[in-house]
Amino acid sequence: AQTVTQSQPEMSVQEAETVTLSCTYDTSESNYYLFWYKQPPSRQMILVIRQEAYKQQNATENRFSVNFQKAAKSFSLKISDSQLGDTAMYFCAFMSFSNTGNQFYFGTGTSLTVIP
Amino acid sequence: DTEVTQTPKHLVMGMTNKKSLKCEQHMGHRAMYWYKQKAKKPPELMFVYSYEKLSINESVPSRFSPECPNSSLLNLHLHALQPEDSALYLCASSQGTGRYSGNTIYFGEGSWLTVV
């Protein structure tokens, strides 16, 4: 079974500073995908960044980047130049493949507050 | 802007009512999902439709009845719900299922359901 752990229930960061959100996972699969989703107060789940496990290069999307350590099963999200609009709940997710439906396993989330 | 559209945004219903949540996507995706999310918790998978056929039912009570009229539409019929069923219901879609089918799930904005 796949498990995803986010050990930081709440975090805060000053505007324009950098913050790192932690995520670890457990799986016996060798090929999979990892995601970070953002859920602002509006509650829509927005894809932030995606990492393919067979790619060694860490994914980046503008101010968002990941530190993917496959051997350690760690997948942290770094947000640079934090903005007020980054305030949201962040979920780390693991995707396993199945012909009946790709399944997401979500972590419990980290609530991030950006302080002006 | 989300390409997964859910209606209604908010729904209040009595325990004896029958209502439906609707979801539509125009991305040509062939897999669609219903998730239930309680406050400050990660989404929980309820159902998966793959190519218009129910492929996963995560032991959801029969008072929730999914329907997929075509590849673009997904409904969730509600009947005799309980107050504990009050939650945010998220619809999502992906290109398909399986390892090579497209590996990101896109979420709608959700339907807030309150059962009184």
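The values are calculated or read from the model by the stated rules, or taken from the named source; none is laboratory data. These numbers come from a predicted model, not from an experiment. Glycine also receives a Cβ, built like all others from the backbone with ideal geometry; neighbour counts cover every protein chain displayed. Accessible surface areas use protein heavy atoms only, side chains included; no ligands, DNA or RNA. Shrake-Rupley method; radii C 1.70, N 1.55, O 1.52, S 1.80 Å.
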Given R₀ = 22 Å, FRET efficiency for residue B:19-residue B:53 by Cβ-Cβ distance, to 0.05? 0.35
Accessible surface of chain A [probe 1.4 Å, protein heavy atoms]: carbon and sulfur percent: 45
Residue-normalised value, i.e. accessible area per residue, for chain B at 1.4 Å probe, in Å², stands at 48
To the nearest 10 square angstrom, what accessible area does residue B:45 show with a 1.4 Å probe? 30
HN-Hα J couplings of segment B:48-60 from phi, Karplus 6.51/-1.76/1.60, θ = phi - 60°, integer Hz, Gly and Pro as x? 10, 10, 10, 6, 6, 10, 5, 10, 9, 10, 7, 6, 7
Return the aspartates and glutamates within reach of residue B:53: Cα separation strictly under 14 angstrom, same-chain partners fewer than 8 residues apart disregarded; answer none if there are no such residues. B:67
If you line up the Cα atoms of segment B:1-96 on their principal axes, what length do they span on each, largest first, in Å? 35, 28, 22
Residue B:12 long-range amide H proximity, modeled H, under 5 Å: B:114
Considering the protein assembly as shown, which cysteines have no disulfide-compatible partner, defined as another cysteine with its Cβ under 4.7 Å away? B:68
Restricted to the protein assembly as shown, the DSSP antiparallel beta bridge percent, nearest 5, is 90
In peptide B:84-94, what is the residue-averaged number of other protein chain Cβ atoms found within 10 Å of each Cβ? 1
Compute the label zone of residue B:112 within segment B:29-63: residues whose backbone N is under 20 Å from the point 7 Å along Cα-to-Cβ. B:35-44
Candidates B:33, B:106, B:89; GNM for chain B (alpha-carbon contacts under 10 Å) flags as most fluctuating B:106
Report relative contact order for segment B:2-80 in percent, whole number only (criteria: Cα-Cα under 8 Å, sequence separation at least 6). 33
Using a 1.4 Å probe on protein heavy atoms only, how many Å² of accessible area do A and B hide from each other, summed over both chains and rounded to 100? 2200
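If you take every residue apart from residue B:72 with its C-beta less than 14 Å away from the C-beta of residue B:72, what net charge results, scoring Lys and Arg +1 and Asp and Glu -1?
Values: positive: B:22, B:30; negative: B:3, B:24, B:52, B:67.
Charge balance in the 14 Å sphere: -2.
About its Cα centre, what dipole magnitude does chain B give when the only charges are +1 on Lys and Arg Cβ and -1 on Asp and Glu Cβ, stated in debye to the nearest 20?
Approximately 200 debye in magnitude.
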Restricting the calculation to Cα positions, tell me the Rg (one decimal) and the Dmax (whole number) of segment A:4-85 in Å. 13.1, 39
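Beyond 19 Å between alpha-carbons counts as too far, so tell me which of A:55/B:41; A:73/B:41; A:38/B:19; A:38/B:36; A:38/B:40; A:38/A:78 fall in that bin. Provide the component values of the computation, followed by the final result.
Values: A:55/B:41 30 Å; A:73/B:41 23 Å; A:38/B:19 29 Å; A:38/B:36 17 Å; A:38/B:40 13 Å; A:38/A:78 13 Å.
Long pairs (Cα-Cα over 19 Å): A:55/B:41; A:73/B:41; A:38/B:19.
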If the chain between residue A:72 and residue A:56 were fully stretched, how many nm would it gain, using 0.36 nm times the residue separation less the Cα-Cα distance? 4.4 nm
Using θ = phi - 60° and the Karplus curve 6.51 cos²θ - 1.76 cosθ + 1.60, what whole-Hz ³J(HN,Hα) does each residue of segment B:72-86 get, with Gly and Pro shown as x? 9, 10, 9, 10, 10, 8, 10, 8, 6, 6, 10, x, 6, 7, 4
Here the residues of segment A:38-53 whose accessible area is at least 50 Å² smaller with all protein chains than in the chain alone (probe 1.4 Å) are A:43, A:44, A:45
Build a GNM of chain A with springs between Cα atoms under 10 Å: which of A:80, A:28, A:65 gets the top mean-square fluctuation? A:28
List the residues of segment A:18-35 whose accessible area drops by at least 20 Å² when all protein chains are present, compared with their chain alone, using a 1.4 Å probe and counting only protein heavy atoms. A:31, A:33
Taking the Cβ-Cβ separation of residue B:10 and residue B:63 as r and a Förster radius of 30 Å, what is the calculated FRET efficiency to the nearest 0.05? 0.95
